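Just below is one structure, and these are the notes that go with it.
The values are calculated or read from the model by the stated rules, or taken from the named source; none is laboratory data. What you see is a predicted model, and the numbers here were worked out from it, not measured in a lab. No Cβ is skipped: glycine too gets one built from the backbone with ideal geometry, and neighbour counts run over all protein chains shown. To get the accessible areas, we keep the full protein, side chains included, count just its heavy atoms, and leave off ligands, DNA and RNA. Shrake-Rupley method; radii C 1.70, N 1.55, O 1.52, S 1.80 Å.
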Amino acid sequence: MSGSDLAEFRDTVRRWCRAHVPAEWRTTQTGATDAEFVAFQRDWFQQLRATGYAVPHWPREYGGGIPIPEQIVLYQELAAHDAPRLVLAFVAIHHAAATLLAAGTDEQKQRHLPAILDGELWVQGFSEPDAGSDLAALRTAARRDGGDYVVTGQKVWASGAQYADWCLLLARTDPDVPKRKGISYFLMDMRSPGIEVRPIRQATGESHFCEIFLDEVRIPAANLIGAENRGWQLAQQTLGAERGLTMLELAERLGNAGFRWLVEECRKPGPLGQRPVDDAQIADRLARLEIELAGLRALCRDLVERHDAGAVGPADASVVKLYYSELLQRMTDFGVEVCGLPGQAVLRKPMSGGWESGAWVLDFVGSWEWTVPGGSSEIQRTIIGERGLGLPREPAGA
């Protein structure tokens, strides 16, 4: 694609954003009810879908097919125009789609991919109590019974489970083999009898995460995805989707709106008229954060481009995930410090946004979520050490 073609595409996206990004969405989504949040997300998804921007990373035959350079431009412009995020459909359009495309049968793809475009919502049922960051230590068990698998167990930290229609579920189908070799991967209908979802109230006041309790839930064998006992390998594919284009989008949002709010905070005069940005040490820290953001955005673009070329290293995605999550913590921590006591009273933030909103206390508390899901920072460092640098494996690795 030539530079002029890319510039023309950027102009097209900019015009679309100016015409379609709801101007007051941050106001209307602050304090929104669950019903208002869901309705807003569904409407925004369909607006993006109508112009082909909802699933640009999917194959053309399923509604995507936008080349990687244009996808990068698309996410840059959506971030620059402070567009809402597709938080409700996040797992569906990234994790579920990547899993179906990698290992789904034709029937599974035809059943679910068009349904996702019509609004089918998904949740990821991977993490479990007592497993910590060791995903392979899961204890939810599935046994074959005729044409079904019968599943009993518990999942936790399941984002958006209260809204989901379907679940990407990992369950142990062979307890007598090394823990990573006895796991299977299922597509579970969330309306099945025996499922109970309990939202978890977080320190921010939100209930982004949920627990899922499974009591003798029957899943048709046709909903097994991939081979029995080979779910661990497929789960890595799912998690890889979390660390690809999604990271590019998050990095662009952190570098656009997130950093702009930080600069504005530093320019606000204090009670005596002094501005934080006039303090040399504050200005220096702000400059260093800007440099770190430039590095993060470059890393993400490089990851996406090499992913498209099939040249991603075994630890590249972990480097990006680790870098983003810890930079998000440093930025929001700095925001809390700069905004001072008045900032402590800002205890509401808009739904449908990113992990940065300018409500610094909530953003800082929420930033700690990112160092845990999808593999904690400790797990990412282990992956980087073992797979990226070739260091010896931990003795406990199975």
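Determine the dipole magnitude for segment 1-74: charges of +1 sit on the beta-carbon of Lys and Arg, -1 on that of Asp and Glu, nothing else is charged, the reference point is the Cα centre, and the result goes in debye to the nearest 20.
So the magnitude is around 100 debye.
Quick one: the Cα spread of segment 259-338 along its three principal axes, in angstroms, biggest first?
56, 18, 16
Non-local amide H neighbours of Asp148 (under 5 Å, H modeled in plane, Pro and chain starts lacking H): which ones?
Amide H to amide H, under 5 Å and 5 or more residues apart or across chains, Asp148 pairs with Ala221.
Once neighbouring chains are kept in place and the probe is 1.4 Å, which whole percent of the accessible area of the chain is contributed by carbon and sulfur?
That fraction is 53 percent.
Any chance you could give the angle, 0 to 90 degrees and rounded to 10, that helix 34-50 forms with the longest Cα principal axis of the chain?
90 degrees
In the chain, once you exclude exposed trypsin sites (Lys or Arg not before Pro) (DSSP loop, at most 15 other Cβ within 10 angstrom), what's the longest stretch remaining?
202-347
Roughly how many debye, to the nearest 20, is the charge dipole of segment 69-161 about its Cα centre, given +1 on each Lys and Arg Cβ, -1 on each Asp and Glu Cβ, and no other charges?
Computed about the Cα centre, the dipole is about 260 debye.
If you put +1 on each Lys and Arg Cβ and -1 on each Asp and Glu Cβ, how big is the dipole of the chain around its Cα centre, in Debye rounded to 20?
120 debye
Hey, for a label at Thr33 modelled as a point 7 Å past Cα toward Cβ, could you say which residues of segment 129-166 have their backbone N under 19 Å away?
162-164
With runs of 4+ DSSP H residues as the only contributors, calculate the mean residue ellipticity of the chain at 222 nm using -39,500 (n - 2.57) per run, divided by the residue total and rounded to the nearest 500.
Mean residue ellipticity at 222 nm (helix-derived): -14000 deg cm²/dmol.
Hull surface divided by four, with the convex hull built on the Cα atoms of segment 211-366: how many nm²?
12.8 nm²
Which one of Gly160, Gln46, Trp360 has its Cα pushed farthest toward the positive end of the charge dipole of the chain, where Lys and Arg give +1 and Asp and Glu give -1 at the Cβ?
Farthest along the dipole direction, towards plus: Trp360.
Give me Rg over Rh for segment 93-215, both radii from the alpha carbons and Rh done the Kirkwood way, two decimal places.
When Rh is taken as the Kirkwood radius, the ratio is 0.96.
So what's the convex hull volume per residue for the Cα atoms of segment 32-137, in Å³?
With only Cα atoms used, segment 32-137 gives 151 Å³ per residue.
Give the accessible surface of the chain per residue, rounded to a whole number of Å², with probe radius 1.4 Å and ligands, DNA and RNA excluded.
45 Å²
From the mean inverse distance of alpha carbon pairs (Kirkwood) and the Cα radius of gyration, derive Rg over Rh for segment 1-81.
1.03
By accessible area of protein heavy atoms, probe 1.4 Å, what ranking do Met331, Met351 get, highest first?
Reading off the accessible areas and sorting them downward yields Met351, Met331.
Apply the Kirkwood formula to the chain: the hydrodynamic radius equals the inverse of the mean of 1/r over all pairs of different alpha-carbon atoms; give it in Å with one decimal.
22.3 Å
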